[in-house]
Every structure is written in C-alpha cells, then in structure tokens.
1. Would you check which residues across the range 620-644 are closer than 30 Å to CYS592 by Cα and either open to solvent by less than 10 Å² (accessible area, probe 1.4 Å) or among the polar types (S, T, N, Q) (or both) and list them?
2. So, in the range 644-663, how many residues would count as being at pLDDT 80 or above, in a helix (DSSP H, G or I) and out of contact with any helix residue (DSSP H, G or I) (no Cβ under 8 Å at 6 or more places or on another chain)?
3. I'd like to know if the range 664-687 contains one or more residues that are buried (at least 22 other Cβ atoms within 10 Å of the Cβ) and part of a loop (DSSP other than H, G, I, E, B).
4. Would it be correct to say that ASP610 is open to solvent by 10 Å² or more (accessible area, probe 1.4 Å), out of contact with any Lys or Arg (no Cβ under 6 Å at 6 or more places or on another chain) and modelled with pLDDT of 90 or more?
5. If you check every pair at least six apart or on different chains, which have Cβ atoms under 7 Å apart with a residue in the range 342-367 that is part of a loop (DSSP other than H, G, I, E, B) and among the β-branched types (Val, Ile, Thr) first and a residue that is modelled with pLDDT of 85 or more and open to solvent by 60 Å² or more (accessible area, probe 1.4 Å) second?
6. Run down LEU545, LEU562 and say which single residue is within 24 Å of HIS694 (Cβ to Cβ) and either in contact with a helix residue (DSSP H, G or I) (Cβ under 6 Å, 6 or more places away or on another chain) or of a type in the set (D, E, K, R) (or both).
7. Select, from GLY163, GLY178, GLY191, the only residue that is at pLDDT 70 or above, open to solvent by less than 10 Å² (accessible area, probe 1.4 Å) and under 19 Å from ILE278 (Cβ atoms).
8. Please enumerate the residues belonging to the range 194-222 that are part of a strand (DSSP E or B) and either modelled with pLDDT of 90 or more or not hydroxyl-bearing (Ser, Thr, Tyr) (or both).
Amino acid sequence: MPIAGSFGFAAALLSRGLKLTTADLGSAAVWQGHAIVVRDDIDNAAEISFVDFSQCYEALGELIAVRLRTVALLQGSAEPSGCIRVFVARARELGCEQALCGLAKEGSPLEVVARSAELCSSRPGLQRYGLEPPLKVREGDCLGWQYGPEGSLRIPYTKGGLGLVTWLRSALDEGGIGIFTSSQSRTYSIGAQVVSARDASSVDTVLQVPSSCACSDELKGFRLRTMALFQGPDLAGGSEQMLAAIVDEEPCGIINDPQWPRMSESEECLPARLSKTIICALKAWRGKSTGVASSLMDKAVGFLATTDIGGCLHVLWSISVAQVLSASLELVRRSAMRPDRAFQSHFWPASPRLTSDPTQCPGQHPTTPSTSATDNDARRIAGNNSRGPSPRVACLVAFRMPDELSLVEAVAETWGLQCDVLAFFMARRGAISKLELRGGFRVVNLADEYPEMQEDFLVAGEQVGEFRDSTRKSNAIEKSLHAIRWAAARLADAADIFGLFDADSYVVPENVRWFAAQHGLADPDSPPRYFAHLNDFTKRTLGLLMPFPEGGAGICFTRTGLLQLGQLLERAPYRHDVSQSWDPEHIDTGGCSYITGHNDDVAIRFCAQDAEVDPIDAYDEFGRLFGSDTPLPCREHWATEGLQKELGAVLAPLPGDVSELRQELTDAEFARFLACRPETFRNHWLHPRAFAFHGYKDASLLRHAHTVVRDG
C-alpha cells in the first residue's frame, strides 16, 4: 500500500514500477533493507533528515534494531567517532485548500512519529544497534535517519538501485513535520530488524502536548503556511520569492489592538498567535516598516516570556524559542545598518545565534575575564608572543589633555602593552608639538593635523555627579571621528583589527584578537564590519529604533571597515553650528559630519551606516556580552558617586514578574536574558572573553584592574 496522503516522491516511486518494501511479519524478527556493503558516495551535509521510500512497512510492527555501515567523518574531525539517529516517518494530510498548499505538491509532508536516541560509534565499519525502546510502525510508515552537526557518522550510498530517498535540511525532533522537497534514486547501506505488533493499539503514536499548545483543526491551513515558512535552516529554504508568497498574503489587521492578533479560528491558540505575530512582523519588514516589525517582534518575545508554549513550538510549528529570540536580536542589528542594506533580505536568521538548550547555560555569577596567559585556545590564536600575533590589534585611545593624561599613562604601562599598535589622540592647539608617553608611545595632536577641527573642551552637564549625564558637552565626536580618519590614512597596513577605546577603559587586547579570530574577521580581506555591543535603549526612552555601538565597551573595525569609514570621513563636512541632541526630532543630523557633541558612539553609528560598514552585535549563544560600560565586578572599582548609584541598580534583584522585568530591559536585553534567565544579568552577564570595562576615572584603579585580570 502506498503511503497514505503522500504527494510527489511516493508517486514518483510508484511510477517507476517499484513496490514499497514489504516483510512477512510473523512471530520471528526479520531483517529488511539494503545490503550492508561498502559503497562509493558519502553525504557531507550536517543537520539533515533522510527518508527511504523503498524501506516502508505494510503492517503494524516494531523496529527493534538497525544494521548499517558507517564511514569516515566530515573533514576536520580529529577522531573517527560520532552519532546518528534513526526514525519512523509517516505521511501527513495537511487539510489545506488554499493556493499555498501547492507547496506540498512539490514534496512530501512527513512527520517524525518516533525517533531513536543517538547511535554512536568510536570506529567506522559495520554497526548493529538495538533500539530501546523499540520504534513502533504502522502501515505506510517508512525508515528514516538523521545526521546531526559536523562530526556525525555517515552512511555510504550508491546512486541508483531500488532506493528512492528524500531529504530535508533539518534534524526534526520527534513529532516534528517537514515538507521533504529533495529526492534522488540512492541505495544506502542500512536496514532494520522488525517484529510484529502484539497489540495494534500500542503502535499508533499519539503526540502528547501541553494544553496551552492545543489548536483547533481549523488551523491546519495556517499551520502549513507556518511550517513552509520556518522549516529547515532558513525561511522557505532561502527563497525570497516563497517568503513573499507566504508573508504578503497574510492578513495582519490592526496591531495597536492590545489583544492582537485575534485569530478567527481559535482565540486561545497561543502557538498560532505567536506564529501570526512573527509572520506579520516579516511582512512589515518587507514593507520597510521597521517600527511595526520591531513592535510585533516585541509582542512575539512577550508571548514566549509569559506563556508555557516553548516546548511545543518546534514540534508542532517548526519554530524554536532560540529562533524567535535570535530573530529579535537580528532585527536590532539590522536597525543599526543603512536601511537599503538592512532591507535586502528578511531578518529571520539562517540559524539561531542563541542556544536552543537552556540546560547548557553556564554558571550565573560575575567573573573576571580570562586572557591568553591562562587559556590554551587563545594562545593558539595569539601565538606565544603577545606582540605580533594574528590578527594584529591596533588600539586607538582618545583623551582630553591634560585632564586625562594620568589615565593614558596608566594605559601605556598596563593593557596598552598587549596591543600590536598603540596610539593616543588629543586636540590642543599650542600644546607640545611632539609628546611621547613612557615606552615611546606617540600622542597625536589632531588639532595640528586637522586645523578645521575644534580643540578639546568639556562642559559639565546638569546632572552633576551622575555616571551617565546626557547633558554634558565636549568635542568627543570630532576627536573620535578624526582619530579614525587618521588611523585609516596612516595605520591601515599596521594591523587587522582597529579598536577605538576610551581613556577610562580597561581593555584585554588578547580577547579582541580571540573574538576577531572566532568570527572570521582576521583576514585582511574580511568584509567591512565593526563589532561592539549595540545599545537599543532609545526605543524605550525616546520611541526611536536607533541602536548604536556602546563606546565605553569598545568599537572595533576590520581593516576594510576602517578604510571605508576613513574614505567617508575625508570628505565629511564640518558643521560646528550643529550640536548633538537627544531630542528625537534632531538626533539624526542628516548624514556623517563633524558636529559638536559628547556622544561619539551615536555619531559613529550614523557615519558607519553612510560608509556601508555593517555591525556585528557582540554577544554569545547564552546572551553574554563581550564588553561592559561599567568597571570590573570589584566593589572598590565602583567608588565614585555616580558608580555607587549604578551599583545599587546592578545589585538589585531582578523583578520576579516577567512583565515588570520587560519594562526595565530593552528589546535586545530582554531577548538575551530569556536565553538563560540568569540571576545576575545587569552589566555582569559577560563572556569569559570580555574585552573592555569602562568607567575608571582614577589611574590607580585602572592599574589595579590590570593586577586583577593578570594576576587574579
């Protein structure tokens, strides 16, 4: 009997005159499948599911063992070991009459109704695995297998023969449904041992899901659209055309309704509400409505935070919590890009950056950063000598003369020694024409190099003693932009990564190297990028989706990024009549220019956009940052009046109520928090490879930070 409800591939199998594999299931176990022999071809794909339509069953039974041949692993594996899984695939009727259901005619909608544990081996060759518990099958079910990430075992195959195999580039969980749209005549060295079922009622697998996941049968059509959109490693298999067909036809209603979206089929079906919210966010993005897309993703993340539907999403709706949270963070990143570049594709990530397994979350307590002095992995990247490793790091430090001279002297004697290039910048006319710090480090007087720029000044703000005073004024914007311009013209060949750091920051250059190497930014021809912590507080406080790189935590450019930004700055106009403002209507000054103001990181955001230098938001799979705009977690480093006020907020327990917490955190912070829900989050949910800490106004404390990091 052919697979019930199957479409393209089962029909193709029958049209070739082949019968589905059958077995006489008596009381004794029988082996069925293909010969377990050496074959020539090997799959190199990872995270993929296969189903063999020539290994299907015509009666109730149980798979109690599999026999297969394994071959060498993917290139790069150090040892010939790894794992696979086998599963039972069942065809599904999707009950959809809409035009989009034609998608199913291009493949077979199949459900993973039962799946084995990982079947592992420390050697290639002939393998036999018992299945405990057995995998139950019924008429029409077929044998499937999955490869996990790189390092999994592989089963060899021969093109042609009796096998007809279909595949989906996703390792579906048990209960997951996918539309398998690729196929080829292949014969794999795999077979299964089958016994008859003693009790037919025990064979029909019933998926148990939380009551919050239950949806009416009327939603099958919508579920198909969601499945087609989100299955596999990317939206609609990476097809923007398919994305448009699914997203643009979705009715999205009025989003300012507090109860939106109102599902006509089922008001209480939470997974459908979540899915519709995400689809409409993607639709808004396609319509270049960034604010609407952001608002909808905010609703989607809120669904995850306040309801218990995470466990059923991947199983029934082809969406994972990690994908939703990662998409929210990617939308923030795209919002820091130039709009035409941001809208070139959807913001749904090809694979989630955040972990999909919260049980892997690390310990939840503040740590001091590690360096290559104690970490073999970093030593391999940086080499035995901290001077001259790859990638080479240039550290650019702008300071105010003479107020911050003691700070840069401390930098030159501590962390600055770990930079491959260290340059200091001031802007004071009439100052010493050539100034060197201890160690021979040069201080560049930008006012002499660029006569049109304003020289150093600082006007105290209205919030005296506050650590974050948005009303203070200085020439920090001009000074930082000119430091970047100078470095692009004179230092581009001297390093691979160029970090702009504040004079009151403690930096770990080894960790800058580590981050750049881990993210493929070490190549001289790396694309124009900068990496930093993207701060998106303006949406909550000003109603503006305007994430910018947090300058206190360091802003690092690739060489190509520095050069492109430098070219733009060479022709940027001087507009000293314009002062930076946090007024929402005047915060964007209309392009990259040398204006008056203190918040250089905001200006760098606009200039990087114009230069087409895209950001990389610096966080890891657990939502931990790589830099902090406050000092190390040492109480004595928080002694100033402003930092004492910050410390109270940092140490205060997080609100137990998620809705209250949502009011305190930005969109990006909330998404990062939900990945692991750490007890300690504000300022100190940091990667062990964090590379910058900010707020050291006392040179002795800056030196003490060096002792803490280097000596423990």
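1. PHE626, GLY627, SER628, THR630
2. Qualifying residue count, the range 644-663: 2.
3. yes
4. For ASP610, the condition - open to solvent by 10 Å² or more (accessible area, probe 1.4 Å), out of contact with any Lys or Arg (no Cβ under 6 Å at 6 or more places or on another chain) and modelled with pLDDT of 90 or more - is met.
5. From the range 342-367, the pairs are THR355/GLU621.
6. Answer to the selection: LEU562.
7. GLY178
8. If the condition is that a residue be part of a strand (DSSP E or B) and either modelled with pLDDT of 90 or more or not hydroxyl-bearing (Ser, Thr, Tyr) (or both), then VAL194, VAL195 are the ones that fit.
The values are calculated or read from the model by the stated rules, or taken from the named source; none is laboratory data. Keep in mind the model is a prediction, meaning the values are calculated, not measured. For neighbour counting, all protein chains shown are included, and Cβ atoms are generated from backbone atoms with ideal geometry for every residue, glycine included. Side chains included, ligands, DNA and RNA excluded: accessible areas come from the protein's heavy atoms. Shrake-Rupley method; radii C 1.70, N 1.55, O 1.52, S 1.80 Å.
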